[in-house]
Structures are given as structure tokens and as C-alpha cells.
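*Asks:* Next up is a structure, given as C-alpha cells.
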Ligand SMILES: CC(C)(COP(=O)(O)OP(=O)(O)OC[C@H]1O[C@@H](n2cnc3c(N)ncnc32)[C@H](O)[C@@H]1OP(=O)(O)O)[C@@H](O)C(=O)NCCC(=O)NCCS
């Protein structure tokens, strides 16, 4: 890439998963190579190279019902503020436009500075929480639930049909779907911490009980992306030792499409919604 040239945007293939992982690891994100493969298999991932090196990415993951999730917007530190993220998100939006999709994303504060001027509007807020484990393991982990039960609840609550993504998560070694008192959640491996989400429940106490039961059955650090308006859940988590790491702002480009019946307590992750 020459400083005087406009960046040349390429479509990435599944062979780029390791190079994508280098970028997300540089940003201290939790994605694994398996996560990159979901975007590269199920979605469209755009990239910009400098010589042979991948220096920037953005992914568009279509969901049924004319929706798409934009994520993995990453620019290596030496190449920022040259318009690369803007150019790649534009490529995602053009793909969404051609396919009649409404685009959603969960923005970091730096990301929101890029997306606002492009025409994204804010919707709900999330809080990323981390639990560094010191507690001893409980004797009784929460009981297992089926992928079918999770898929049905996910669809009812979010309004998105995310069968492909949830199945991909569930098939990975280390993933578990668990439930207690009408609450249900998925736990999956991450690069540095296990991730809890999505998590659905009828009320905050059931959501908190399930999160705590999962925590007591794990000896790894845990991450969870809570919906900020679930105040009692958030307060319960912080009282149980979870710390808030960062906010995410959910944003939408295009007409509102998803009409979920309810609000999740924790989402699948900012990169998946
Ligand atoms: C956020 C990120 C993708 C931006 O990439 P980038 O290529 O530097 O962004 P752009 O050059 O397209 O920025 C376009 C505009 O957005 C705004 N912007 C971008 N980064 C910003 C920052 N750190 N602080 C404030 N404004 C910022 C500016 O208005 C900028 O225009 P300007 O440079 O002419 O002032 C990059 O900083 C990054 O990879 N950060 C770590 C990972 C991350 O947070 N990704 C976003 C996930 S939602």
C-alpha cells in the first residue's frame, strides 16, 4: 500500500483466518481462529493489505430476515487514521445495500467515532464484564440444555434467526449450553477467557443465578456482554466480583427490522450481536 494510493480492498477467504487472528489479538480481543472461520465461511470479510501483510479488516455476517451484523473492524496500530476502517465499513454497507439488508453493530468507543459519521444511529448499550476466577469449583454445574431450546429462545428474544452461528458455537469442543430456573445460556471458549452469552431469562434473579452457577463451575477467566438496561443483573454481577471493562454502543444502519419480543440479559458477543 503506497501512501499516495487509495487502499485496495480485497475479499478474504478462509485461509486468512490466522492473519485475522493476528489483528484481533493485537487489539486484545477474545476471538479465536474458529470465530474468524465463522465470518469467513458464513459472511463476507473485506481486508486491506500492505505488501503481503493484512493490516485492516471488516466483516459482514448476514442473518435471515434482512439483517446483517458488521464486526471485526480492525486496523493495525501503525495504519490508523488513514481512512482504512471507513473504507472497509463502506464496502460492508455497499454489500448490505445490494442485498437489501439492515446493518447492525456493537461499537467500541473508537469504533463509534467511525460509524456515527457514516450514518449509523445508536440503539441499546452493552457493558463488557470480566470475572477473574478465584473461587473453588462447585460440585454441581448447571444442567445441560439443548441447542434447539437455545435457538428457539434466541429467536424469540432477539428477533434474529441465528441458527448457523449458534450451531457453530455449540459444535466446538469446550462449548456448553446450560439452564436453570427457566434461564438458558451458552458458554464457549475464547482466546483468553471463556465467554458466556447469549443468556436469556424471565427475570434478573434467574439470570444472575445462572451466571453465578456457571462461574462456580469454571476455573477460567470469564467474559460476558450484558445489556446495560438490565440494571439488577449488572448490579448483581458487580456485587459477585465481576468488573466492567468497557461499554459497547449498539448501532443500526437502515430501517428497523428485528422485532424481538424481549431483551436478553447477555448477548452472544459484540461481534455477533
Ligand atoms: C476504530 C478503528 C477501527 C478505526 O480505524 P481507522 O482506520 O483509524 O479509522 P478511520 O481512519 O477510517 O477514521 C475515520 C474517522 O473516525 C474518527 N476516528 C477514528 N478513530 C478514532 C479515535 N481513536 N478517536 C476519535 N475519533 C476517531 C475520526 O473522525 C476519523 O477521521 P479523521 O482521522 O479524519 O479525524 C481502529 O482504531 C482500531 O482498529 N481500533 C481497535 C479495534 C476497535 O476498536 N475496532 C472497532 C470495533 S467496533
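The values are calculated or read from the model by the stated rules, or taken from the named source; none is laboratory data. What you are looking at is a predicted structure, and each value in this text was computed from that prediction instead of being measured. Using ideal geometry, Cβ is built from the backbone for each residue, glycine included, and neighbour counts are taken over all protein chains shown.
*Asks:* Please go through segment 92-105 and pick out each residue that is under 11 Å from residue 73 (Cβ atoms) and more than 7 Å from the ligand (Cβ to nearest atom).
*Replies:* Narrowing segment 92-105 to residues under 11 Å from residue 73 (Cβ atoms): 92, 105.
Passing the criteria: only 92.
*Asks:* Only one of 145, 168 is over 25 Å from residue 249 (Cα atoms) and under 15 Å from the mean Cα position of the chain (by Cα). Can you tell me which? Reasoning before the result, please.
*Replies:* Numbers: 145 fails: under 15 Å from the mean Cα position of the chain (by Cα).
Just one listed residue meets the conditions, 168.
*Asks:* Return the pairs, sorted by first residue and then second, in which the second residue is more than 8 Å from the ligand (Cβ to nearest atom) and in a loop (DSSP other than H, G, I, E, B), the first residue lies in segment 65-85 and is closer than 18 Å to residue 53 by Cα, the beta carbons are less than 7 Å apart, and the residues are 6+ apart or on different chains.
*Replies:* 72/271; 84/7
*Asks:* Given the criteria surrounded by fewer than 20 Cβ atoms within 10 Å (Cβ to Cβ), more than 15 Å from the chain's Cα centre (by Cα) and more than 12 Å from the ligand (Cβ to nearest atom), does residue 42 qualify?
*Replies:* Values: surrounded by fewer than 20 Cβ atoms within 10 Å (Cβ to Cβ): yes; more than 15 Å from the chain's Cα centre (by Cα): no; more than 12 Å from the ligand (Cβ to nearest atom): yes.
So residue 42 fails the test.
*Asks:* Could I ask something else about it? Looking only at residues that are touching a strand residue (DSSP E or B) at 6+ places or on another chain (Cβ under 7 Å) and crowded, with 19+ Cβ neighbours inside 10 Å in segment 18-35, which one is farthest from residue 129 (Cα to Cα)? Full working, then the answer.
*Replies:* To start, the set of residues in segment 18-35 that are touching a strand residue (DSSP E or B) at 6+ places or on another chain (Cβ under 7 Å) comprises 19-20, 23-24, 27, 30.
After this cut, where a residue has to be crowded, with 19+ Cβ neighbours inside 10 Å as well, the list is 20, 23-24, 30.
On the way: 20: 24, 23: 22, 24: 18, 30: 13 Å.
So, considering only residues that are touching a strand residue (DSSP E or B) at 6+ places or on another chain (Cβ under 7 Å) and crowded, with 19+ Cβ neighbours inside 10 Å, the one farthest from residue 129 (Cα to Cα) is 20.
*Asks:* Next question. I'd like to know if segment 9-23 contains one or more residues that are part of a strand (DSSP E or B), modelled with pLDDT of 95 or more and away from the ligand (no atom under 13 Å from the Cβ). Steps first, please.
*Replies:* Pass one, segment 9-23, residues part of a strand (DSSP E or B): 9-11.
This time we only want the ones that are modelled with pLDDT of 95 or more, so: 9-11.
Imposing the further condition that a residue be away from the ligand (no atom under 13 Å from the Cβ) reduces the set to 10-11.
Yes, because at least one residue in segment 9-23 is part of a strand (DSSP E or B), modelled with pLDDT of 95 or more and away from the ligand (no atom under 13 Å from the Cβ).
*Asks:* Is it fair to say residue 88 is within 13 Å of the ligand (Cβ to nearest atom) and assigned by TED's automatic domain parsing to the domain that holds residue 115?
*Replies:* Yes; evaluated as a whole, the condition is true for this residue.
Here's the yes/no breakdown for (1) more than 28 Å from residue 172 (Cβ to Cβ); (2) crowded, with 19+ Cβ neighbours inside 10 Å; (3) in contact with a strand residue (DSSP E or B) (Cβ under 6 Å, 6 or more places away or on another chain):
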{"residue": "50", "(1), (2), (3)": "yes, no, no"}
{"residue": "58", "(1), (2), (3)": "no, yes, yes"}
{"residue": "61", "(1), (2), (3)": "no, yes, yes"}
{"residue": "85", "(1), (2), (3)": "yes, yes, yes"}
{"residue": "94", "(1), (2), (3)": "yes, no, no"}
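*Asks:* Next question. In segment 106-125, what residues are near the ligand (Cβ under 8 Å from one of its atoms), touching a strand residue (DSSP E or B) at 6+ places or on another chain (Cβ under 6 Å) and outside any helix (DSSP H, G or I)?
*Replies:* 106, 107
*Asks:* Just to be sure, is residue 60 in contact with a helix residue (DSSP H, G or I) (Cβ under 6 Å, 6 or more places away or on another chain), away from the ligand (no atom under 13 Å from the Cβ), closer than 21 Å to residue 22 by Cβ and modelled with pLDDT of 95 or more? Let's see the steps before the verdict.
*Replies:* On the way: in contact with a helix residue (DSSP H, G or I) (Cβ under 6 Å, 6 or more places away or on another chain): yes; away from the ligand (no atom under 13 Å from the Cβ): yes; closer than 21 Å to residue 22 by Cβ: yes; modelled with pLDDT of 95 or more: yes.
Spelling it out, residue 60 is indeed in contact with a helix residue (DSSP H, G or I) (Cβ under 6 Å, 6 or more places away or on another chain), away from the ligand (no atom under 13 Å from the Cβ), closer than 21 Å to residue 22 by Cβ and modelled with pLDDT of 95 or more.
*Asks:* Answer yes or no: is there a residue in segment 147-154 that is in contact with a strand residue (DSSP E or B) (Cβ under 8 Å, 6 or more places away or on another chain), modelled with pLDDT of 95 or more, under 15 Å from residue 43 (Cα atoms) and buried (at least 19 other Cβ atoms within 10 Å of the Cβ). Explain how you work it out, then say what you get.
*Replies:* Filtering segment 147-154 down to residues in contact with a strand residue (DSSP E or B) (Cβ under 8 Å, 6 or more places away or on another chain) leaves 147, 149-150, 153-154.
Then drop every residue that is not modelled with pLDDT of 95 or more, which leaves 147, 149-150, 153-154.
Filter once more, so that each one left must be under 15 Å from residue 43 (Cα atoms): none.
Within segment 147-154 (the criterion being in contact with a strand residue (DSSP E or B) (Cβ under 8 Å, 6 or more places away or on another chain), modelled with pLDDT of 95 or more, under 15 Å from residue 43 (Cα atoms) and buried (at least 19 other Cβ atoms within 10 Å of the Cβ)), the answer is no, since none of the residues qualifies.
*Asks:* Taking only pairs six or more apart or across chains, which ones have beta-carbon atoms under 7 Å, a first residue in segment 255-272 that is on the phi > 0 side of the Ramachandran plot and in the same structural domain as residue 232 (by TED's automatic domain parsing), and a second residue that is at pLDDT 95 or above and not in a loop (DSSP other than H, G, I, E, B)?
*Replies:* none
*Asks:* Answer yes or no: is there a residue in segment 179-200 that is touching a helix residue (DSSP H, G or I) at 6+ places or on another chain (Cβ under 8 Å) and part of a helix (DSSP H, G or I).
*Replies:* There is no residue in segment 179-200 that is touching a helix residue (DSSP H, G or I) at 6+ places or on another chain (Cβ under 8 Å) and part of a helix (DSSP H, G or I).
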